[in-house]
Amino acid sequence: MITGRWLLVFGLLFGLLLSGCVHVYRGAVVQMNLGFFASNLPGEHYELFANVHGGAVSLARFKVLDAVDHTSEVFDGQPRQHCGGDPLVTADVQRVQRWEVDYTEADQCDPDERVGTIDKVIIDTATLTGGIRFDTVVELADATSLFISVESDADATPAPSEIVSRADLGAEYDPFVDRQQACLKTYCEATPGPKRPMPDPCDLLGKRPGARRGTLLGSWVKAPATACAEQLLGDVAVVPSEDETIL
């Protein structure tokens, strides 16, 4: 016997199906690791873009900041930005902080705006830090690549300027691995066994990681890049956000 309560439930579900009021919303999560990535110079930030249907879509603005002050250590003629942490109690890492044009100096170092760190082994404590995560409302199922540009803090336009890194994306497999395998094959065919280093890199021919279903994979390389001379900076995975059913 069907009770009044179950009749009510069935009635609601049937009404929703007829009215089309159920909306499934999906964004994406961009999870990545970066190494050898420069902290920002004063007055600049990084911006993450996706290439979707041939157009550049802005996903996030962020700054890479030294956790402690390295003003005395000058790189490229200019000191990097920092959060001024006490070196006696603060891990000496490069913090990745979400950033927007209206942020103050306090905002840009706010712990709540932290989205990760640049990969680093902290020798004093024998610990490994790293990992960056961006949650975006953009649907990235059709994205073919990601890229990172350097932008002026005064530039609020969502258009890329100087591109410093890119990552081609592949469904379940990383396209960088295929390029790497093609370059390795060329090297192995041109280099006799006795002239190769040990262990022999040609032992890796035909070997690739297993597929990761439901995921777009890629490797960050320095831009611009030359074929078979790409500088690997890290890796990235793009996965769908959890579905949210809105009634």
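The values are calculated or read from the model by the stated rules, or taken from the named source; none is laboratory data. Given the structure is predicted, the values throughout are model-derived calculations rather than measurements. With ideal geometry, Cβ positions are generated from the backbone for all residues, glycine too; neighbour counts draw on all protein chains shown. The accessibility values were calculated without ligands, DNA or RNA, using every heavy atom of the protein model including side chains. Shrake-Rupley method; radii C 1.70, N 1.55, O 1.52, S 1.80 Å.
Yes/no matrix, rows are residues, columns are (1) in contact with a His (Cβ under 8 Å, 6 or more places away or on another chain); (2) in a helix (DSSP H, G or I); (3) touching a residue at least 24 places away in the same chain (Cβ under 8 Å); (4) surrounded by 13 or more Cβ atoms within 10 Å (Cβ to Cβ):
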residue: Leu146; (1), (2), (3), (4): no, no, yes, yes
residue: Ser149; (1), (2), (3), (4): no, no, yes, yes
residue: Thr157; (1), (2), (3), (4): no, no, no, no
residue: Pro160; (1), (2), (3), (4): no, no, yes, yes
residue: Ala167; (1), (2), (3), (4): no, no, yes, yes
residue: Phe176; (1), (2), (3), (4): no, yes, yes, yes
residue: Gln181; (1), (2), (3), (4): no, yes, yes, yes
residue: Lys185; (1), (2), (3), (4): no, yes, no, yes
residue: Cys188; (1), (2), (3), (4): no, yes, no, yes
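Summed over segment 91-126, residues that are open to solvent by less than 30 Å² (accessible area, probe 1.4 Å) and touching a helix residue (DSSP H, G or I) at 6+ places or on another chain (Cβ under 7 Å) total 2.
Please specify each residue of segment 80-90 satisfying the condition of being open to solvent by less than 50 Å² (accessible area, probe 1.4 Å), free of Cβ contacts under 8 Å to residues at least 40 places away in the same chain and in a loop (DSSP other than H, G, I, E, B). Matches in segment 80-90: Thr90 only. The residue that is farthest from Leu232 (Cα to Cα), among those in segment 190-204 that are assigned to a loop (DSSP other than H, G, I, E, B) and either open to solvent by less than 80 Å² (accessible area, probe 1.4 Å) or acidic (Asp, Glu) (or both), is Pro192. Step by step: first the residues of segment 1-58, then only those that are of a type in the set (S, T, N, Q) and modelled with pLDDT of 50 or more, then the one that is surrounded by the most Cβ atoms within 10 Å (Cβ to Cβ). Which residue is that? Only one residue fits best here, namely Asn40.
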